[in-house]
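The values are calculated or read from the model by the stated rules, or taken from the named source; none is laboratory data. Since the structure is predicted, the reported quantities are computational estimates derived from the model, not experimental observations. Every residue, glycine as well, gets a Cβ built from its backbone with ideal geometry; the counts of neighbours run over all protein chains shown. The area values use the complete protein model at the heavy-atom level, side chains included, leaving out ligands, DNA and RNA. Shrake-Rupley method; radii C 1.70, N 1.55, O 1.52, S 1.80 Å.
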Amino acid sequence: MKGGGGNDCILEQDESIKIGGWGTSMENSKNRKVLVIGSIPEFHELIGGSLQGQFEVMDASSESEGLAKARGERPDIILLGYVDPRGSSFRLHKKLREGWITKHIPQLIVDAHFPGQPQRAWTSQEAMQMDAEEYLMISPDDAGSVAESVKALKLLERIDTRLGEKANPLKEAILNPNIFCVTWEQIPGRGAFEIQQEHVFDNIRKAANLGKIHAISVTDNPGGNPAISTEMLCAEVKRVGTEPLVHLACRDKNRSQIESMLYGLAASGVRNILALTGDYPSAEGFEGKPKPVFDMDPVNVVRLVEAMNRGLEHHAMGKKVALAPTDLFVGVCVSPFKQLESELMAQYYKLKKKIEAGAKFIITQIGYDARKYHELMQWLRLNHFDIPVLVNVYILPYPTAKMMNSNKIPGCVVTDKLVSELAEEAKAPDKGKAGRLLRSAKLYAIAKGMGYAGAHIGGHGISPDMVEYIITKGEELSKDWEELVSEFDYPQPDGFYLFEKDPKIGLNTDVLAKRPSKSSVPLIYKLSRIAHVTLFEEKSRVFKMLRPIARWADVSPRAKAVLEFFEHMAKTVLFHCLNCGDCALFDVAFVCPMSQCPKSQRNGACGGSYQGWCEVYPDKQKCVWVQAYDRLKAYQEENSLEEYIVPPCNWELWQTSSWLNFYMGRDHTAKRLGIKPPS
Ligand code: SF4
């Protein structure tokens, strides 16, 4: 893992995990494509030939072929020489620079004057108008031969430099085991012309000068409050010259809007995404609380990004079409700070799905318990997950700590002990500023020592010099990080830890702790299980008997209407059914995630539950995933909650009979189980 310390109690590295990280940092240059365009065969021999073996080299000899290959193959770099007839090179250069697909591809203009070539490639007036990354002149007169001139150009180095500029610095940093990556979170707020937004861009410019921050992240309607759009600001961050990390909350957008947003980001060269569930909408929307969307969850956003990176396949005019692949880099969040066993396990179950869906990095929720940070790393090792994690270093002032402590900022865990320490700290003349910065640096140091991949620094009113202090001090302290662990001993009352405690250092042993929580099996759950086995298991006799009836009912409007009516009545009374038609009751131990989870989470808990209560209904309704865990535990089936990914609800089935949809092979469960319509 990254960094790493000499802590005895850290789990022995498993042989199956690559010690030192999660793969190579730089993308293999042999996978990089270079398009060499020119009409003169010697040009290809010399230029293309000098790159063979280092890159995938493609050739084009005319304007139309060059344009077609640039659009179709999307090379990483273009080397443009003389193209017949005169004027074509200039025209092609303009088309490439202005083209939607090709405008971001770096161009190296190579002005090679070969013996026998009647005239130069372009006029001096054309040359003045060119807008390329580099202009290279091959002048055989100076160097004796064209081949020697090409050598003197140091083409490989030049291409490497340009590819480096095109690379994704955040991705490179996160994946490089020798770099401790730093991201800085910005909260630009509501409005279009606000002073807060000036501060954000001041920070971004100064951060770029610091040279220590690998990406600026921009929140997406934080706290469920409307704010200026993260994607628009991230495109601006990119223009300013810093790599952005887009927070993508599922709260306000349906799947099509998310897909649109991802296309827009990819096309503007914004590649880093943090997929989040999002806080529940606040009441601060225009004319009241907005409609919560939550059409997709982060697990399915990661699946979508992965599909887009492969080249999303879809149907258009009855034909299968594959889109050009994107180059998005997607991460997710997790909270190891949950108090109850059920809440914590629900977090890890969902994290497993996120990783299996294709998440490339993880950022933790806000918390200050070193043992919990250690637990997350142990859980990853135990499950053989080789994925980088960034610690959330939130610079915590006393007023915010009080709010987090009283659950006014869902998901952020600050214990009573920490609040009282901060209350003391706030009495200092600097109101505790030095103390909270030092605490942040210590957390940075501990995370680095534990093998975290980086730090995600956040907080209100943070200046670049504060961030720089945390980095510098954190680096300095990281050598002796184990000595700091005792300062981050903030267990929650009766808080559950996945591993037994190591009393020597205050972290975890590699022994899994007993899971003491009591199961809870309401009668409705017992009856639901019996009904399910009888009616919906393929091997059941009743299921086989009902299949032909289902087929008949499916084509009989009257029978269908009657069935839909009775199903809806029964399931409304028993499960508060919304009649979504793509029933997920079975996936959540017969607690309906569509009606009982305000965020419609079908793959696991959001990060907002508190002491087992739902984020949206504290002290009134238990989180559906807590209920599901407690039910399944009675049958020792709680681990089934991590077994498979549930797709987002198929709204084509809305207000139809989910029973019929299952029997006819239409809903997600039938598809997962391979149930085909009865013949
Ligand atoms: S039921 Fe659970 S997952 Fe759903 S909103 Fe509440 S806390 Fe989040």
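Let's see how each residue does on (1) charged (D, E, K, R); (2) under 24 Å from GLU500 (Cα atoms); (3) in contact with a His (Cβ under 7 Å, 6 or more places away or on another chain); (4) open to solvent by 10 Å² or more (accessible area, probe 1.4 Å):
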{"site": "ARG381", "(1), (2), (3), (4)": "yes, yes, no, yes"}
{"site": "PRO397", "(1), (2), (3), (4)": "no, no, no, yes"}
{"site": "MET403", "(1), (2), (3), (4)": "no, no, no, yes"}
{"site": "VAL413", "(1), (2), (3), (4)": "no, yes, no, yes"}
{"site": "LEU422", "(1), (2), (3), (4)": "no, no, no, no"}
{"site": "ALA428", "(1), (2), (3), (4)": "no, no, no, yes"}
{"site": "LEU437", "(1), (2), (3), (4)": "no, no, no, yes"}
{"site": "ALA453", "(1), (2), (3), (4)": "no, no, no, no"}
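Of the residues LEU512, LEU585, only one is surrounded by fewer than 17 Cβ atoms within 10 Å (Cβ to Cβ), within 21 Å of GLU343 (Cα to Cα), aliphatic (A, V, I, L, M) and within 32 Å of the chain's Cα centre (by Cα); which? Break it down stepwise before answering.
Values: LEU585 fails: surrounded by fewer than 17 Cβ atoms within 10 Å (Cβ to Cβ).
The unique qualifying residue is LEU512.
Could you please find all residues in region 151-173 being open to solvent by 20 Å² or more (accessible area, probe 1.4 Å), over 20 Å from the mean Cα position of the chain (by Cα) and in contact (Cβ under 8 Å) with a residue 12 or more places away in the chain? Don't jump to the end; show me each part of the working.
Of region 151-173, the ones open to solvent by 20 Å² or more (accessible area, probe 1.4 Å) are 151-152, 154, 156-158, 160-162, 164-166, 169, 171-172.
If we keep only those that are over 20 Å from the mean Cα position of the chain (by Cα) too, we end up with 151-152, 154, 156-158, 160-162, 164-166.
Residues satisfying the conditions are LYS151, LEU156, ARG158, ASP160, ARG162, GLU165, LYS166.
I'd like the full set of residues that are within 12 Å of the ligand (Cβ to nearest atom) and not aromatic (Phe, Trp, Tyr), limited to region 617-640. Working first, answer last.
Filtering region 617-640 down to residues within 12 Å of the ligand (Cβ to nearest atom) leaves 617-618, 620-629.
The answer is PRO618, LYS620, GLN621, LYS622, CYS623, VAL624, VAL626, GLN627, ALA628.
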Task: Residues of region 308-329 classified as within 19 Å of ILE101 (Cα to Cα) and small (Gly, Ala, Ser), total - done: 3
TODO: Mind listing whichever residues of region 174-207 are under 18 Å from the mean Cα position of the chain (by Cα) and either acidic (Asp, Glu) or within 30 Å of TYR135 (Cα to Cα) (or both)?
DONE: GLU185
Open item on the list: Can you list residue pairs whose Cβ atoms sit under 8 Å apart, with the first residue in region 49-66 being in contact (Cβ under 8 Å) with a residue 60 or more places away in the chain and the second being of a type in the set (Lys, Arg) and assigned to a strand (DSSP E or B)? Count only pairs 6 or more apart in sequence or on different chains.
Closed with: PHE55/LYS33
Open item on the list: I'd like to verify a number: residues in region 623-636 that are without any contact (Cβ under 8 Å) to a residue 40 or more places away in the chain and under 29 Å from the mean Cα position of the chain (by Cα), how many?
Closed with: 1
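Could you list, in sequence order, all residues of region 637-679 that are hydroxyl-bearing (Ser, Thr, Tyr), within 16 Å of LEU546 (Cβ to Cβ), open to solvent by less than 50 Å² (accessible area, probe 1.4 Å) and in a loop (DSSP other than H, G, I, E, B)? Reasoning before the result, please.
Residues of region 637-679 hydroxyl-bearing (Ser, Thr, Tyr): 640, 644, 656-658, 663, 669, 679.
Checking which are within 16 Å of LEU546 (Cβ to Cβ) leaves us with 657-658, 663, 669, 679.
Keeping just the survivors that are open to solvent by less than 50 Å² (accessible area, probe 1.4 Å) gives 657-658, 663, 669.
Within region 637-679, SER657 is the sole residue that qualifies.
Do you know which residues across region 323-361 are part of a loop (DSSP other than H, G, I, E, B), in contact (Cβ under 8 Å) with a residue 60 or more places away in the chain and not aliphatic (A, V, I, L, M)?
Taking region 323-361 first, the residues part of a loop (DSSP other than H, G, I, E, B) are 323-328, 335-340, 358-360.
From what is left, the residues that are in contact (Cβ under 8 Å) with a residue 60 or more places away in the chain are 324, 326-328, 335, 337-340, 359-360.
Correct list: THR326, ASP327, SER335, PHE337, LYS338, GLN339, LYS360.
Suppose we filter region 70-104 for residues that are within 17 Å of LEU155 (Cβ to Cβ), in a loop (DSSP other than H, G, I, E, B) and of a type in the set (Val, Ile, Thr); how many remain?
Step one: filter region 70-104 for residues within 17 Å of LEU155 (Cβ to Cβ), giving 75-82.
Okay, now just the ones that are also in a loop (DSSP other than H, G, I, E, B), so 75-76, 81-82.
If we keep only those that are of a type in the set (Val, Ile, Thr) too, we end up with none.
Within region 70-104, residues that are within 17 Å of LEU155 (Cβ to Cβ), in a loop (DSSP other than H, G, I, E, B) and of a type in the set (Val, Ile, Thr) number 0.
Test of understanding: among LEU312, LEU276, LEU304, LEU262, which residue is within 16 Å of the ligand (Cβ to nearest atom), surrounded by 16 or more Cβ atoms within 10 Å (Cβ to Cβ) and not basic (Lys, Arg)?
Sole residue among the options that is within 16 Å of the ligand (Cβ to nearest atom), surrounded by 16 or more Cβ atoms within 10 Å (Cβ to Cβ) and not basic (Lys, Arg): LEU276.
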- [ ] Determine, yes or no, whether LYS427 is modelled with pLDDT of 95 or more and touching an Asp or Glu at 6+ places or on another chain (Cβ under 9 Å).
- [x] no
TODO: Any chance you could count how many residues in region 244-257 are out of contact with any Cys (no Cβ under 7 Å at 6 or more places or on another chain) and either open to solvent by less than 10 Å² (accessible area, probe 1.4 Å) or within 16 Å of the ligand (Cβ to nearest atom) (or both)?
DONE: 6
Task: Any hit, region 503-517, residues being part of a helix (DSSP H, G or I) and either closer than 30 Å to PHE201 by Cβ or at pLDDT 95 or above (or both) - done: no
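Please verify whether SER61 is closer than 19 Å to VAL150 by Cβ, surrounded by 16 or more Cβ atoms within 10 Å (Cβ to Cβ) and modelled with pLDDT of 90 or more, treating the condition exactly as stated. Lay out the reasoning, then the answer.
Values: closer than 19 Å to VAL150 by Cβ: yes; surrounded by 16 or more Cβ atoms within 10 Å (Cβ to Cβ): yes; modelled with pLDDT of 90 or more: yes.
Taking the combined requirement at face value, the residue satisfies it.
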- [ ] Taking ALA561 as the residue in question, decide whether it is away from the ligand (no atom under 16 Å from the Cβ) and either open to solvent by less than 30 Å² (accessible area, probe 1.4 Å) or under 24 Å from the mean Cα position of the chain (by Cα) (or both).
- [x] no
TODO: Kindly check whether there is at least one residue in region 320-339 that is away from the ligand (no atom under 16 Å from the Cβ), surrounded by 17 or more Cβ atoms within 10 Å (Cβ to Cβ) and hydroxyl-bearing (Ser, Thr, Tyr).
DONE: yes
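Has region 114-131 got at least one residue that is modelled with pLDDT of 90 or more and in a loop (DSSP other than H, G, I, E, B)?
From region 114-131, those modelled with pLDDT of 90 or more are none; that's our starting set.
Among the residues of region 114-131, not one is modelled with pLDDT of 90 or more and in a loop (DSSP other than H, G, I, E, B), which makes the answer no.
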Open item on the list: So GLU198 ticks every box in (1) assigned to a strand (DSSP E or B); (2) open to solvent by 40 Å² or more (accessible area, probe 1.4 Å) but one. Which box is left unticked?
Closed with: (1)
Open item on the list: Tell me the residue from ILE366, ILE355, ILE387 that is closer than 24 Å to ASP489 by Cβ and either at pLDDT 95 or above or open to solvent by less than 10 Å² (accessible area, probe 1.4 Å) (or both), please.
Closed with: ILE366
TODO: Restricting attention to region 455-493, report how many residues are hydrophobic (A, V, I, L, M, F, W, C) and open to solvent by 10 Å² or more (accessible area, probe 1.4 Å).
DONE: 5
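How many residues does region 594-606 hold that are within 24 Å of GLU356 (Cα to Cα) and more than 23 Å from the chain's Cα centre (by Cα)?
Within region 594-606, the subset within 24 Å of GLU356 (Cα to Cα) is 594, 597, 599-606.
Filter again for more than 23 Å from the chain's Cα centre (by Cα), leaving 594.
Going through region 594-606 one residue at a time, the tally reaches 1.
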TODO: Kindly list, by first and then second residue, each pair from a residue in region 81-93 that is over 13 Å from ALA127 (Cβ atoms) to a residue that is open to solvent by 10 Å² or more (accessible area, probe 1.4 Å) and outside any loop (DSSP other than H, G, I, E, B), limited to pairs with Cβ atoms under 8 Å and residues at least 6 apart or on different chains.
DONE: GLY81/ASP111; VAL83/GLU63; SER88/GLU63; ARG91/GLU63; LEU92/GLU63; LEU92/LEU67
TODO: Could you please find all residues in region 245-269 being closer than 20 Å to LYS166 by Cα, more than 13 Å from the chain's Cα centre (by Cα) and not aromatic (Phe, Trp, Tyr)?
DONE: GLY264, LEU265, ALA266, ALA267, SER268, GLY269
- [ ] Under 7 Å between Cβ atoms, at least 6 apart or on separate chains: pull out the pairs that start in region 589-616 with a residue that is closer than 15 Å to VAL293 by Cα and within 6 Å of the ligand (Cβ to nearest atom) and end on any residue that is open to solvent by less than 20 Å² (accessible area, probe 1.4 Å) and of a type in the set (Asp, Glu).
- [x] GLN601/ASP297
- [ ] Just give me the residues in region 572-588 being farther than 17 Å from PRO648 by Cβ and within 14 Å of the ligand (Cβ to nearest atom), in sequence order.
- [x] HIS576
